[in-house]
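S.K.: To start, I am sharing the structure in question, which I have written as structure tokens.
The values are calculated or read from the model by the stated rules, or taken from the named source; none is laboratory data. Small disclaimer: the values here were computed from a predicted structure and weren't measured. Positions of Cβ are backbone-derived with ideal geometry, glycine not excepted, and every protein chain shown enters the neighbour counts.
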Amino acid sequence: MTKKSESERRPQVLVVEDEESFVDALGVGLDREGFDVTVARDGHEAVTLFDKNNFDFVLLDLMLPRMSGLDVCRFIRAKSDVPIIIVSAKGEEVDMVLMLELGADDYVTKPYRLRELVARIRAVMRRRENHEPPVCEEEQIICGRIRMDIDARRCFVGDHEIKLRKKEFALLRLLLENPGRVMTREVLIDRIWGNDYVGDTKTLDVHIKRLRTLIESDPKNPVNITTVRGVGYRFEVSADE
């Protein structure tokens, strides 16, 4: 029996879920879509399996026995940048925001359609495959066609230098340092304006709009700074970069 090449290898998915009805459906559906599935039915089992295996993806329920999904997410992120999608019946925005702040890549609320879930999985995996980490030297951040000279406070798009105000520079830097990751509005405001900021949150949108006019080829149809509706923003490196 010949060993499968890396290109033929099926993605390994850890499904952390305690509801048997969802486990059965996910196992069958994801197998048909070309994934190998390992199931953990509580938080402790999830972290044990994660330590012993090399998973390509994690589907993580929030409400788990023995150890919460919140703690599992925190544990995984401390060790790995493997993609994580939260799958939960809890739709409260505060839970979703908190999980994204801890490093989850996306979320889907129950009940969901398998087709939608698989599409989300493939989209997150593509983003991870297409985005090389930004090159961070002592004084520079390079991400796609954007280069920031931190000490000199200069920013270039290709060979063209763009002029940024202080907050714009800080905001773009934060986005570039987290490519492909959803940055919630709360995190962006807290990091750039401070946790005691009490002004209009539309200030963030104004800054994002100006950044788009400076770095996007078509600011009305942005491909670099994209909006995650109801949550925040994400920096993407477009395919032609």
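S.K.: Does Val82 qualify as being of a type outside the set (S, T, N, Q), in a loop (DSSP other than H, G, I, E, B) and modelled with pLDDT under 95?
M.R.: Yes.
S.K.: Return the pairs, sorted by first residue and then second, in which the second residue is buried (at least 16 other Cβ atoms within 10 Å of the Cβ) and part of a loop (DSSP other than H, G, I, E, B), the first residue lies in segment 145-164 and is touching a residue at least 60 places away in the same chain (Cβ under 8 Å), the beta carbons are less than 7 Å apart, and the residues are 6+ apart or on different chains.
M.R.: Nothing qualifies.
S.K.: Please find, within segment 104-137, the residue that is modelled with the lowest pLDDT out of those that are touching a helix residue (DSSP H, G or I) at 6+ places or on another chain (Cβ under 7 Å) and in a loop (DSSP other than H, G, I, E, B).
M.R.: Among them, the one singled out is Pro134.
S.K.: Pick out the one residue from Glu45, Glu20, Glu6 that is over 21 Å from Arg120 (Cα atoms) and at pLDDT 95 or above.
M.R.: Within the list Glu45, Glu20, Glu6, the selection yields Glu45.
S.K.: So, one more: Which of (1) part of a helix (DSSP H, G or I); (2) modelled with pLDDT under 85; (3) crowded, with 18+ Cβ neighbours inside 10 Å is the odd one out, the single condition Thr203 does not satisfy?
M.R.: (3)
S.K.: Give all pairs with beta carbons closer than 9 Å in which a residue from segment 50-63 that is more than 19 Å from Asp105 (Cβ to Cβ) meets a residue that is among the small types (Gly, Ala, Ser) and outside any loop (DSSP other than H, G, I, E, B); count only pairs at least 6 apart in sequence or on separate chains.
M.R.: Met63/Gly69; Met63/Ser88
S.K.: Under 6 Å by Cβ, and 6 or more places apart or on different chains, what pairs join a residue from segment 221-237 that is without any contact (Cβ under 8 Å) to a residue 24 or more places away in the chain and surrounded by 15 or more Cβ atoms within 10 Å (Cβ to Cβ) with one that is assigned to a strand (DSSP E or B) and hydroxyl-bearing (Ser, Thr, Tyr)?
M.R.: none
S.K.: Hey, another quick one. Please work out which residue is surrounded by the fewest Cβ atoms within 10 Å (Cβ to Cβ), limiting yourself to segment 52-86 and to residues that are out of contact with any Gly (no Cβ under 8 Å at 6 or more places or on another chain) and more than 23 Å from Arg181 (Cβ to Cβ).
M.R.: Lys52
S.K.: I'm told Lys163 meets every condition in (1) over 25 Å from the mean Cα position of the chain (by Cα); (2) closer than 27 Å to Arg126 by Cβ except one. Can you identify the failing condition by its number?
M.R.: If we test Lys163 against (1) over 25 Å from the mean Cα position of the chain (by Cα); (2) closer than 27 Å to Arg126 by Cβ, just (2) comes out false.
S.K.: For segment 24-75, name all the residues that are of a type in the set (D, E, K, R), part of a loop (DSSP other than H, G, I, E, B) and farther than 18 Å from Ser88 by Cβ.
M.R.: Scanning segment 24-75 gives Glu33, Asp56.
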